[in-house]
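Undergrad: This is the structure I have questions about; it appears just below.
The values are calculated or read from the model by the stated rules, or taken from the named source; none is laboratory data. Note that the structure is a prediction, hence the values are computed from the model and not measured. Here the Cβ is made from the backbone with ideal geometry for all residues, glycine too, and neighbour counts use every protein chain on show.
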Amino acid sequence: MSYPYSYSSSGAEVTKREMFVSAIFMLLAFIAGVCIAGSIRSCENDANVKYYQAVKIADSTQFNYAFKTNAGHTLAYGTVSAIGSVTDEGIGNYMTLTRVLEEYRKHHRTVCSGEGKNRHCHTETYWSWDAIGRDRFAVSQVRFLGRNFYYHAFPELPGENYIGIVKLPSRGFFSNKQRYVYHGRELSYTGTVYANIDNHQFNDAKFLNGENLDTAVECLVHKWGVPVFWVGFGILVIVLVVLFVAMPNEWLYGKFWRQRKKDRVASDNFWENLH
């Protein structure tokens, strides 16, 4: 059935009224999207103010003064260094060290192949290194721009790196099927720390490894909310329009056009039955 001023391609029919309603819907959706995007941008700007207005510090004198005066939101560039180190035999010195005890164990699993009457199953034996214990060590304090802090004052230091494997010595005539796997943090990291200095304390510290004062701000600010919104919102609008034009939408037409459609469908069915 074709309504007047309708367009058809590959069996899909879009009428002029459907295009008109779709255009109005897309216009209203665009206006709503602009308003929502503006709200998102406003929220992002409010959240980013503390980063743009943060006090920038690059030496110990300024850093100590910031603590004395409770400078508030601060960006400080320097090196976080461990005071002391943690180690294990033959491993070296690190800021933190994780030691995982693994054991080479025998396992069994059922393996099946084929289908129906040709399905066969058998038990397969395999070996794997399984973690059976874990120990974690860390220095108690670190130093940053001339001041000492508890290690946990910098919760966002880079993650631990793989160090190596040490196999435990054999016991008598029996081979030891255990080993230690080590991961650890280096003794120092250079970068920028964002924190809120209040009540002479370091609060909510974020460490950006390898970033200077300028690039750190770009890493911290929220700037992807609006682009992500428009992509998701645009896809939603397109899906809704496609679903709309795919529906019969007879409510867009008066009784005359609905009757014509019924007559046309009856006529098409009649000729199909003749063939």
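Undergrad: Any residue at all in segment 127-139 that's among the aliphatic types (A, V, I, L, M), under 30 Å from GLU218 (Cα atoms) and either in contact with a Cys (Cβ under 6 Å, 6 or more places away or on another chain) or in a loop (DSSP other than H, G, I, E, B) (or both)?
TA: Taking every residue of segment 127-139 in turn, none turns out to be among the aliphatic types (A, V, I, L, M), under 30 Å from GLU218 (Cα atoms) and either in contact with a Cys (Cβ under 6 Å, 6 or more places away or on another chain) or in a loop (DSSP other than H, G, I, E, B) (or both).
Undergrad: Just one of ALA82, ALA37, ALA58, ALA66 is under 26 Å from TRP224 (Cβ atoms) and small (Gly, Ala, Ser); which is it?
TA: Being under 26 Å from TRP224 (Cβ atoms) and small (Gly, Ala, Ser) holds for just one of ALA82, ALA37, ALA58, ALA66, which is ALA37.
Undergrad: How many residues, within segment 126-140, are under 19 Å from GLU102 (Cα atoms) and hydroxyl-bearing (Ser, Thr, Tyr)?
TA: Taking segment 126-140 as the starting set, the residues that turn out to be under 19 Å from GLU102 (Cα atoms) are 126-137.
Retained after the next criterion (residues that are hydroxyl-bearing (Ser, Thr, Tyr)): 126, 128.
Of the residues in segment 126-140, 2 are under 19 Å from GLU102 (Cα atoms) and hydroxyl-bearing (Ser, Thr, Tyr).
Undergrad: Just to be sure, is GLU13 touching a helix residue (DSSP H, G or I) at 6+ places or on another chain (Cβ under 9 Å) and either at pLDDT below 85 or of a type in the set (A, V, I, L, M, F, W, C) (or both)?
TA: For GLU13, the condition - touching a helix residue (DSSP H, G or I) at 6+ places or on another chain (Cβ under 9 Å) and either at pLDDT below 85 or of a type in the set (A, V, I, L, M, F, W, C) (or both) - is met.
Undergrad: Condition first: exposed (fewer than 15 other Cβ atoms within 10 Å of the Cβ) and under 27 Å from the mean Cα position of the chain (by Cα). Now tell me which residues in segment 145-157 satisfy that.
TA: Residues satisfying the conditions are HIS152, PRO155, GLU156.
Undergrad: GLN201 passes all but one of (1) over 30 Å from ASP46 (Cβ atoms); (2) at pLDDT 70 or above; (3) of a type in the set (S, T, N, Q); which number fails?
TA: The failed condition is (1).
Undergrad: Applying the selection to segment 40-64, what residues are exposed (fewer than 13 other Cβ atoms within 10 Å of the Cβ) and among the hydroxyl-bearing types (Ser, Thr, Tyr)?
TA: Result: SER42, TYR52, THR61.
Undergrad: Which members of segment 80-135 meet the condition of being over 30 Å from THR192 (Cα atoms), under 33 Å from the mean Cα position of the chain (by Cα) and either outside the structural domain of THR190 (by TED's automatic domain parsing) or of a type in the set (Lys, Arg) (or both)?
TA: Listed by number, the list holds a single entry, ARG134.
Undergrad: Considering only residues of segment 216-252 that are more than 22 Å from ARG41 (Cβ to Cβ) and free of Cβ contacts under 8 Å to residues at least 12 places away in the same chain, which is surrounded by the fewest Cβ atoms within 10 Å (Cβ to Cβ)?
TA: Within segment 216-252, the match that is surrounded by the fewest Cβ atoms within 10 Å (Cβ to Cβ) is TRP251.
Undergrad: Could you tell me which of the residues THR125, THR192 is out of contact with any Phe, Trp or Tyr (no Cβ under 7 Å at 6 or more places or on another chain) and of a type in the set (S, T, N, Q)?
TA: Selected residue: THR125, the only one of THR125, THR192 that is out of contact with any Phe, Trp or Tyr (no Cβ under 7 Å at 6 or more places or on another chain) and of a type in the set (S, T, N, Q).
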